[in-house]
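As structure tokens, the structure follows; a few thoughts come after it.
The values are calculated or read from the model by the stated rules, or taken from the named source; none is laboratory data. Because the structure is a prediction, the values reported are computed rather than measured. All Cβ positions, glycine included, derive from the backbone under ideal geometry; neighbour counts span all protein chains shown.
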């Protein structure tokens, strides 16, 4: 008798597709000191990040590296409690994007709806539209763009989830869209 394969793409998981977080605003603005630290850390020695004259003609002023938004957009006010450590102790497999912000309303984790126990970051796809500029206020919003059920080489089913996050500035100009791929099994 053939073995029945376990399905992970149940109605609760399907209902997550399109589910969206609240809009989140980064504390403060893109500032020169944050850009300086990020540029040193990655390293990106492009002078457009600090040389106003050089950057003015092509970019309208100094810019921040686009990928910096992926790390700074959830920046909290200094007086807010950083719950990251506490949340990771509670659930080390936690993967909801706005988990660190006490004011964040996230989206239900696929793991909970599917009954899976493991997850793997499967990669990122980033579309760049504009460079963030010094003084920009940054907003972001995430949603589940797609969830597909696949069969692995071992014959076991897994879910391939795509979370899409849009980042924009105070003028509603899209700066970048990130798609984060995860495998849930």
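Worth pointing out:
- Subset of region 48-77 [out of contact with any helix residue (DSSP H, G or I) (no Cβ under 9 Å at 6 or more places or on another chain) and surrounded by 20 or more Cβ atoms within 10 Å (Cβ to Cβ)]: 69, 73
- Any chance residue 48 is at pLDDT 80 or above, closer than 25 Å to residue 12 by Cβ and in contact with a strand residue (DSSP E or B) (Cβ under 8 Å, 6 or more places away or on another chain): no
- Here residue 55 clears all of (1) part of a loop (DSSP other than H, G, I, E, B); (2) more than 30 Å from residue 114 (Cα to Cα) except the condition numbered (1).
- The set of residues in region 78-93 that are farther than 29 Å from residue 131 by Cα and in contact with a helix residue (DSSP H, G or I) (Cβ under 7 Å, 6 or more places away or on another chain) comprises 83, 87, 93.
- Exclusive hit being under 30 Å from residue 156 (Cβ atoms) and either modelled with pLDDT under 90 or over 20 Å from the mean Cα position of the chain (by Cα) (or both), set 70, 54, 8: 8
- Conditions (1) modelled with pLDDT of 85 or more; (2) under 21 Å from the mean Cα position of the chain (by Cα); (3) under 30 Å from residue 148 (Cα atoms); (4) part of a helix (DSSP H, G or I): number failed by residue 18: (4)
- Boolean, residue 12 is surrounded by 13 or more Cβ atoms within 10 Å (Cβ to Cβ), touching a residue at least 40 places away in the same chain (Cβ under 8 Å) and under 30 Å from residue 114 (Cα atoms): yes
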